[in-house]
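Okay, so here's the structure we're looking at.
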Amino acid sequence: MIASVIVDVPAKQIDRTFDYTVPASLQPVVQRGVRVIVPFGPRKIQGFILEIKHESSVKKLKPIEEVVDIEPVLNEELMSLSEWLTEQTLCYRISALQVMLPAAMKAKYHKLFFQLDHDIPDHIQSLFHTESPLSWKKADESGALKDLQELIKQRKVEMKYVVRQSMNVKKKRFVELTGTVTSGNIPGNARKQKQILEHLEAGEGKIAVADLKEIAQTTSAVIKTMIDKGYLKESFSEQYRDPFAERTFEKTDHFTLTPDQKKAITPIVEKVNQYEQQTFLLHGVTGSGKTEIYLQTIDQVLKQDRQAIMLVPEISLTPQMVQRFKGRFGDQVAVMHSGLSVGEKYDEWRKIHRGEVNVVVGARSAIFAPFKRLGVIIIDEEHETSYKQEDSPRYHARDVAIERSMRHGCPVILGSATPSLESFARAKKGNYQLLELEYRMNQQDLPEVKIIDMREELREGNRSMFSRDLLVEIEKRIERKEQIVLFLNRRGYSSFIMCRDCGTVMQCPHCEVSLTYHRYKESMKCHYCGFEEQVPNTCPECESEHIRYFGTGTQKVEEELFKLMPHVKTIRMDVDTTSKKGSHEKLLDAFGRGEADILLGTQMIAKGLDFPNITLVGVLSADTMLHLPDFRASEKTFQLLTQVSGRAGRHEKPGEVIIQTYTPEHFSIELAKTQNYEWFYQKEMMMRKTAQYPPFYFISLITLSHENVNKAAGVCNEIAEILKSRLSDQSIILGPVASPIARIQDKYRYQCMIKYKHEPELKLLLKKILDQYSDTGKDAVSINIDVQPYIMM
DNA sequence: AGCACGCCGACT
DNA sequence: GTCGGCGTGCTC
């Protein structure tokens, strides 16, 4: 028996199967989708069995060393989906397989030294005393590698390659009575032991060691003694790490659907019942009740003993969403989002894999949940860019969802108040079925939106980042004890450091970006490579001392706000204050309880957040992202403003929104005022048509990087020439041009964009180009291809 | 990607 | 003369 294996090495030359013989003892368990450990050159690595066969064209085969799984970790559907993913995103097969499993299942590789002989030098011997077997890392740190190498030659030391799973199943320890003694016949001075025995005799069977320690007020030492003496027997049972252990979820029931909602859900349920694929685009303003439609669709799916995947953008939405899902479906729900630890994610995955849950609510990667009977896939906030993975495999969850739904024969629901132009265009064309929710559920009017021209403010002498109107409105809310949300665009854009005399902006020495100022350490940091340096006292160019930071970071807004209104309490939410696990939720909870008047934050507060007392939303600078080199800039701005505005007045109290901008005449800002998606869509479609961008054209992006500018540009030019000669006249090849971020980590970046309508051979051609140019050699230009990029840099 | 094998300069 | 630099090529 022979197994074809894809091994865990993401490299061009290894991106194919390798054949191994299967020892008789392993034959019953090897099958497609099972992980194995195999010898590969001098080392051992993990791999996936792709195929079982009986012949191989290779003569000398090595045997499989070990089988990792009793059951396949990837079922037939996911195995074939990985093939599709490999072709679609031009990634390595191993990457496509790996991305479908939780990070915990990625193998870790170790090199260990084993001592075989006592006659070795003292300093090596002492190393073995501290650690045996001795890890490569430690040996290297102690500078002993050379000596060890010599000892290996003398056969006094041996080196082994070890493959380990990075995460293990969590086990809980239990003890029970063995019956060899009773509490009556142990020595009187063993008070604790007696107490423990009595307790166990009164109860029945096993008890968790942790509980026992609590009850008997004792330590594991006592319990260990009792185990050693044979009074107690220990056992282990597998345990799930439950991230929601301390929380109870109130059981909730269906809401009665409004006529509007009924009209929308009917065609979906129809498709569910018919086991048919159909992609729906559910378009409804914030508060129109999309979630209830999701919940009731899932309910229908569960009634048929089928399963559901629900994708949400990222952690921000999840606490409230999770609550709603757990409330409705109880422990049938697994949750997968970035806030969980690696171990927790692994456990949630195992619940799905074992068929213990039927619903998964999660971020992008949950699209690969190993369900066998999918009944519906839902993507909420479908326009969110976080559904596109930016590193290999560069997949879009929406594409994977549709592909899986075809294999399962089930509908996909894409939901959004501001659909991506691509999706809306497809819906208009009839590729997707458009479902509109026109009314807000509680008949609540949309908040009043006021646009403030900050140029006007400047002309009238207001140089602060708050317009006079905004300040007045903030004061009003404070008086009325209502709450305010202040929104600031992404952190990377803010707080650069500039010399006021010569205008020099502090730049990263390794990347073509300006450094960001971080107040708490008086330092400046690069967001691309992590470079960090103290803010200099004098300008490195002109030695002037007039160095200061510009832009508006959240920290700076907070300070300004404090200067203007020292009596106001603010909670700041940005990457700095929410990096710790659970802090996101904690801050939101605190704000919900009314512990602060103002919530100040970046992008991450734009979603979810639904507190009745928020009556004012301020957008400090609506246009910062309008000027990014990205054809989706207007779309993103409109989506963001619409979404942020939706945060105000979600309940009885009417809400107001103030948008500050330097370009009030821009259509995406004007139209966000009325939240008129349809108009925005028409207008933006016209722009896209003239500029020849999606949805009128598909785009692929090739990026070349190298330390030498000319080399990067040169190769980029070669590739552009190949493309020009091979593609049809209707396709447009832009470039080579320097990437918007011209240099990252000392490597210059050049790119070439392909815009096309119909190029059936393009994937093949790109694959060829990728093969031809992906040399891994020392001085090689590295190449990256994104088949449908979301970020143009 | 690792790792071994192999062929040329500065040290005991 | 050897140690060690990293170029080249292979991994079932």
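The values are calculated or read from the model by the stated rules, or taken from the named source; none is laboratory data. None of the values given here were measured: they were computed from a predicted structure. Neighbour counts run over all protein chains shown; Cβ positions are idealised from the backbone, glycine included. Areas reflect the complete protein model, heavy atoms only, side chains present, ligands, DNA and RNA absent. Shrake-Rupley method; radii C 1.70, N 1.55, O 1.52, S 1.80 Å.
Report the FRET efficiency, 1/(1 + (r/R0)^6), for residue A:250 and residue A:685, where r is their Cβ-Cβ distance and R0 is 60 Å, rounded to 0.05.
My answer for the efficiency is 0.85.
Compare the peptides A:8-16, A:409-417 by average per-residue count of other Cβ atoms within 10 angstrom and give them in order, highest first.
A:409-417, A:8-16
Mind listing the phi-derived Karplus ³J(HN,Hα) values for segment A:615-631, rounded to whole Hz, using 6.51, -1.76 and 1.60 with θ = phi - 60°, and x for any glycine or proline?
10, 9, 10, x, 9, 6, 8, 6, 9, 4, 8, 5, 9, 6, x, 8, 5
I'd like the Kirkwood hydrodynamic radius of segment A:1-152, using the inverse of the mean 1/r over distinct C-alpha pairs, in Å.
17.6 Å is the Kirkwood radius here.
Given axes a ≥ b ≥ c from the Cα gyration tensor, I'd like to know whether segment A:259-441 is rounded (a/c under 1.5), prolate (a/b larger than b/c) or oblate.
It comes out rounded by the Cα gyration axes.
What full-extension length gain, to one decimal in nm, is calculated for residue A:529 and residue A:667 as 0.36 nm per residue of separation minus the Cα-Cα distance?
46.1 nm
Pairwise over distinct Cα atoms, reciprocal of the mean inverse distance: report the Kirkwood radius of chain A in Å, one decimal place.
Value: 30.5 Å, from the Cα pair sum.
Let me have the 222 nm mean residue ellipticity of chain A computed from DSSP H runs of 4+ only, each contributing -39500 (n - 2.57), with the sum over all residues rounded to the nearest 500.
-9500 deg cm²/dmol
Would you please state which residues of segment A:460-476 a label at residue A:559 would reach in this model, taking the label point 7 Å out along Cα→Cβ and a backbone N cut-off of under 19 Å?
Backbone N within reach: A:463-467.
Would you work out the charge dipole size for segment A:259-441 about its Cα centre, treating the Cβ of every Lys and Arg as +1 and the Cβ of every Asp and Glu as -1, and quote it to the nearest 20 debye?
400 debye
With equal scatterers on the alpha carbons only and no solvent term, can you work out the Debye log10 of I(q)/I(0) for segment A:149-283 at 0.18 1/Å?
Calculated log10 I(q)/I(0) at the listed q: -1.04.
So how compact is segment A:2-72: Cα radius of gyration and Dmax in angstrom?
For segment A:2-72, the Cα-based Rg and Dmax read 11.1, 33 Å.
Working from the alpha-carbon coordinates of segment A:338-419, get Rg over Rh, Rh being the Kirkwood radius.
Taking Rh as the inverse mean 1/r over Cα pairs, Rg/Rh reads 0.96.
Percent of Cα-Cα pairs per 5 Å bin, from 0 to the last occupied bin, for segment A:698-786, please list those.
Spelled out per bin, shortest first, that is 3, 15, 28, 25, 16, 9, 4, 1.
Separation between the residue A:219 and residue A:75 pseudo-spin-labels, each 7 Å from Cα along Cα→Cβ, expressed in nm?
Simple spin-label model gives 5.0 nm for this pair.
Mind computing the radius of gyration and Dmax over the alpha-carbon atoms of segment A:212-304? Å is fine for both.
Gyration radius and largest Cα-Cα distance of segment A:212-304: 25.4, 71 Å.
Give the Cα extents of segment A:623-664 along the principal axes, in whole Å, largest first.
Largest to smallest, the principal-axis extents are 40, 18, 10 Å.
Do any GluC sites (Glu not before Pro) in segment A:365-421 lie in a loop, going by DSSP, with at most 15 other beta-carbon atoms within 10 Å of their beta carbon, and if so which?
Sites meeting the loop and neighbour criteria: A:390.
Quick one: if the Förster radius is 41 Å, what FRET efficiency do residue A:132 and residue A:406 give, using the C-beta to C-beta distance and rounding to 0.05?
Given R0 = 41 Å and the Cβ-Cβ separation, E is 0.15.
Using bins 5 angstrom wide from zero, how does P(r) for segment A:108-165 break down, in % of all Cα pairs?
5, 19, 36, 25, 10, 4, 1
Please work out the average accessible area per residue across chain A, using the 1.4 Å probe convention, and give it in Å².
47 Å²
In this model, which of A:586/A:747; A:111/A:778; A:59/A:372 are farther than 29 Å apart at the alpha-carbon?
A:586/A:747; A:59/A:372
Put +1 on the Cβ of every Lys and Arg and -1 on every Asp and Glu Cβ in segment A:171-238; which of A:222, A:175, A:212 then has its Cα farthest towards the positive end of the dipole?
So the residue we want is A:222.
Would you please give the FRET efficiency between residue A:521 and residue A:182, computed as 1/(1 + (r/R0)^6) with r the Cβ-Cβ distance and R0 = 51 Å, to the nearest 0.05?
Working from the Cβ atoms, E equals 0.20.
Can you tell me the dipole magnitude for chain A around its Cα centre, using point charges on the Cβ only (Lys, Arg +1; Asp, Glu -1), in Debye to the nearest 20?
Dipole magnitude for chain A comes out near 1460 debye.
Would you work out if segment A:353-476 is rounded, prolate or oblate? Take a ≥ b ≥ c from the square roots of the eigenvalues of the alpha-carbon gyration tensor; rounded if a/c is under 1.5, else prolate when a/b is larger than b/c, oblate otherwise.
Because a/c hits 1.5 or more and a/b exceeds b/c, segment A:353-476 counts as prolate.
At a 1.4 Å probe, what is the % contribution of carbon and sulfur to the accessible area of chain A?
50 percent
For segment A:65-188, what percent of Cα pairs sit more than 17 Å apart?
72 percent
Given the Cα-Cα distance of residue A:356 and residue A:342 and 0.36 nm per residue of separation, how much length would full extension add, in nm?
Stretched out fully, the residue A:356 to residue A:342 stretch lengthens by 3.1 nm.
Loop only per DSSP, at most 14 neighbouring Cβ atoms within 10 Å: give me the trypsin sites (Lys or Arg not before Pro) in segment A:387-482, ordered by residue number.
A:463, A:480, A:481
Calculate the translational D of segment A:171-238 in whole µm² s⁻¹ from Stokes-Einstein, where the hydrodynamic radius comes from the Kirkwood formula applied to all Cα pairs, the temperature is 20 °C and the viscosity 1.002 mPa s.
Value of D from the Cα-based Kirkwood radius: 181 µm²/s.
Could you tell me the relative contact order of segment A:625-729? Use alpha-carbon pairs under 8 Å, at least six residues apart, and round to a whole percent.
For segment A:625-729, the relative contact order is 17 percent.
Where the centre of each part is set by its Cα atoms, how far does segment A:96-126 sit from segment A:416-467, in angstrom?
55 Å
Just flag the trypsin sites (Lys or Arg not before Pro) in segment A:700-793 sitting in loop per DSSP whose Cβ has no more than 14 other Cβ atoms within 10 Å.
A:757, A:778
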